[in-house]
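I have placed the structure first, in the form of structure tokens, so that the comments after it can refer back to it.
Just so it is clear, none of the values below were taken in a lab; they were calculated from the coordinates. Computed from a predicted structure; not experimentally measured.
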């Protein structure tokens, strides 16, 4: 068995372990982990944490991983030290980078977000219990120590700092991205309800969350509001979310800004893709041609396009925004290929 096959088999077992823990919740080890992570970050509700862990288990299905890895040729080499600065916007968001670095045959130094260290350390523990040698390639640090390459995720502002700070080492720097849903006006109630998951999972804080709707002119939002109404049952119980809802409602009313609303989300006509928590932007389009042109022009700001229609050829079905496969790379940057190329350059320089 090759090193890569051994690592992939390890992650398959890790996926099975995570799935078992989720099925046992709220009993078992995961109960305390979830409670601790929530205490550290109130946005990480138990529901959101379990959803995120189930999404990882979904990603680690054998057929999916085998299909992913079959697209690459990974040769054995001396492990490089790869530094990863992780985001903390949604639970365990740095998992894909962790897996990619290990699959590439390298060591990983994780600079975790203060908002999301608990789940990442727990997952690292599962990896080590399944494969001690692989687990020993994972370290958590307060500051990256002489990395050979860096993968860093942050806001547009921190990205500028990362580019400067890591300018002397090969790097992948990610900025803010959000997702867009395209409606044609003929969606069923079931489709719109499924899209609600793309909007409200993790309170809309992820890059794969829909923050903007593209709708045809004269679109009637009544059907949309009716379909998403059940999501309010959970959102209305979360103080931080409702505080955002109340804040933006007050701002829009005081400044006479036109908006649509129900009792838990505001709709604001706005060209910007990114929207605040509890706010969903929307924009109208005239035809498929103008829609395609607009989405293409904003491609560097869009992570996913959720739609039943084919517009750019990369659309995702309603409700599947938070179910990425291993080949769905953040910002569209193939980090595994990046790491393979860095190791190839090292081998060539040593020969």
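Which log10 I(q)/I(0) values does the chain give at q = 0.10, 0.14 Å⁻¹ under the Debye formula, counting every alpha carbon as one identical point scatterer? Rounded to two decimals, the profile gives -0.65, -1.21. Of all the options 283, 217, 130, the one that moves most in a Gaussian network model of the chain with Cα springs shorter than 10 angstrom is 217. Can you give me the relative contact order of segment 214-313 as a percent, contacts being Cα pairs under 8 Å and 6 or more apart? Taking the mean separation of contacting Cα pairs over the length of segment 214-313, I get 26 percent. Using only Cα atoms, find the angle between the long axis of helix 189-200 and the longest principal axis of the chain, and express it within 0 to 90 degrees, rounded to the nearest 10. So the helix axis and the longest Cα principal axis differ by about 60 degrees.
Using a cutoff of 8 angstrom between alpha carbon atoms and counting only pairs six or more residues apart, the relative contact order for the chain works out to 17 percent. For q = 0.14 Å⁻¹, what log10 I(q)/I(0) does segment 1-94 give under the Debye formula with an equal point scatterer on each alpha carbon and no solvent? For segment 1-94 at q = 0.14 Å⁻¹, log10 I(q)/I(0) is -0.66. Treating each Cα of segment 115-199 as one equal point scatterer and applying the Debye formula with no solvent, the log10 of I(q)/I(0) at q = 0.23, 0.25, 0.26 Å⁻¹ comes out as -1.11, -1.19, -1.22. Helix 3-24 and the long axis of the chain differ in direction by around 50°, with both axes built from C-alpha atoms.
Relative to the longest principal Cα axis of the chain, at what angle does helix 46-59 sit, 0 to 90 degrees, rounded to 10? Tilt of helix 46-59: around 60 degrees. Compactness ratio for segment 178-316: Cα radius of gyration over 2.2 N^0.38 Å (N = residue count) comes to 1.00.
Given Cα positions, please report Rg to Rh for segment 60-100, the hydrodynamic radius being the Kirkwood one. Using Cα coordinates only, the ratio equals 1.04.
Please check: in the Gaussian network model of the chain (C-alpha springs, under 10 Å), which one of 26, 258, 324 has the largest mean-square fluctuation. The residue that fluctuates most here is 258. Averaged over every viewing direction, what's the projected area of the C-alpha convex hull for segment 192-255? Give it in nm², one decimal, please. Projected area, direction-averaged: 5.3 nm².
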